[in-house]
Amino acid sequence: MSYKSLSIFIDGASKGNPGDAAIGVVICNGEEVVKNFYKYIGSTTNNIAEYTALIYGLQEALILKAKEIFVNTDSELILRQLKGIYKVKNPNIRALFEQVKHLLSGFDKVKIAQIPREKNRGADKLAQKAIKEQAKVVARQ
């Protein structure tokens, strides 16, 4: 199946910053949720979690053969770095930034918007769910 246009909602969360971190991604075709997923990614910073969520979302959109994407994030850093307003100074983020730029080249049209947290609740809940599930796994060990 392929899609002309998909909206991707991304969020990364880190408890402690750095601390236990996870990602949440919701992909929509119009109002229909095509896919959503979450993943615990280990101990890292919130910014790295945000970039990791974006990478996963872009990879999934490529798998779904989207031609156009509209990325929604509540991360000011990601938006401003991708638009060239902020420089990417952190070497750990630089590698992720370069990967994102490479993935973005696979789409005919890309729009990226910063949205308020309250409009990104779906992705946020998924990221929080991954952290909670990991905490349960650790508690059982």
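Data for the structure
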{"read-out": "Filter result for Gln99 (part of a helix (DSSP H, G or I), more than 29 Å from Lys132 (Cα to Cα), modelled with pLDDT of 95 or more and not hydroxyl-bearing (Ser, Thr, Tyr))", "value": "no"}
{"read-out": "Any hit, the stretch 42-52, residues being part of a strand (DSSP E or B), surrounded by 16 or more Cβ atoms within 10 Å (Cβ to Cβ) and over 11 Å from the mean Cα position of the chain (by Cα)", "value": "yes"}
{"read-out": "Pairs with Cβ under 7 Å, 6+ apart, first in the stretch 23-38 and in contact (Cβ under 8 Å) with a residue 40 or more places away in the chain, second part of a strand (DSSP E or B) and hydroxyl-bearing (Ser, Thr, Tyr)", "value": "Ile23/Tyr38; Gly24/Tyr38"}
{"read-out": "In the stretch 1-10, residue surrounded by the fewest Cβ atoms within 10 Å (Cβ to Cβ) [restricted to those that are in contact with a helix residue (DSSP H, G or I) (Cβ under 9 Å, 6 or more places away or on another chain) and in a strand (DSSP E or B)]", "value": "Leu6"}
{"read-out": "Filter result (under 16 Å from Val71 (Cβ atoms) and either among the polar types (S, T, N, Q) or touching a His at 6+ places or on another chain (Cβ under 6 Å) (or both)) within the stretch 1-36", "value": "Ser5, Ser7, Asn29, Asn36"}
{"read-out": "Pair list, Cβ < 6 Å and 6+ apart or interchain, from the stretch 47-60 residues that are within 20 Å of Asn90 (Cβ to Cβ) and touching a residue at least 40 places away in the same chain (Cβ under 8 Å) to residues that are of a type in the set (Gly, Ala, Ser) and surrounded by fewer than 24 Cβ atoms within 10 Å (Cβ to Cβ)", "value": "Ala49/Ser14; Glu50/Ser75"}
{"read-out": "The stretch 53-76, residues that are aliphatic (A, V, I, L, M), under 10 Å from the mean Cα position of the chain (by Cα) and not in a strand (DSSP E or B)", "value": "Ala53, Leu54, Ile55, Leu58"}
{"read-out": "Extreme residue, nearest to the chain's Cα centre (by Cα), among residues of the stretch 107-121 that are part of a loop (DSSP other than H, G, I, E, B) and closer than 11 Å to Thr73 by Cα", "value": "Asn120"}
{"read-out": "Considering residues of the stretch 11-39 that are among the polar types (S, T, N, Q) and not in a loop (DSSP other than H, G, I, E, B) only, the residue farthest from Glu133 (Cα to Cα)", "value": "Asn29"}
{"read-out": "Residue among Asn90, Asn36 that is of a type in the set (S, T, N, Q), within 16 Å of the chain's Cα centre (by Cα) and surrounded by fewer than 23 Cβ atoms within 10 Å (Cβ to Cβ)", "value": "Asn36"}
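The values are calculated or read from the model by the stated rules, or taken from the named source; none is laboratory data. Note that the structure is predicted; figures quoted are calculated from it, not measured. Every residue, glycine among them, receives a Cβ derived from its backbone with ideal geometry; neighbour counts consider all protein chains shown.
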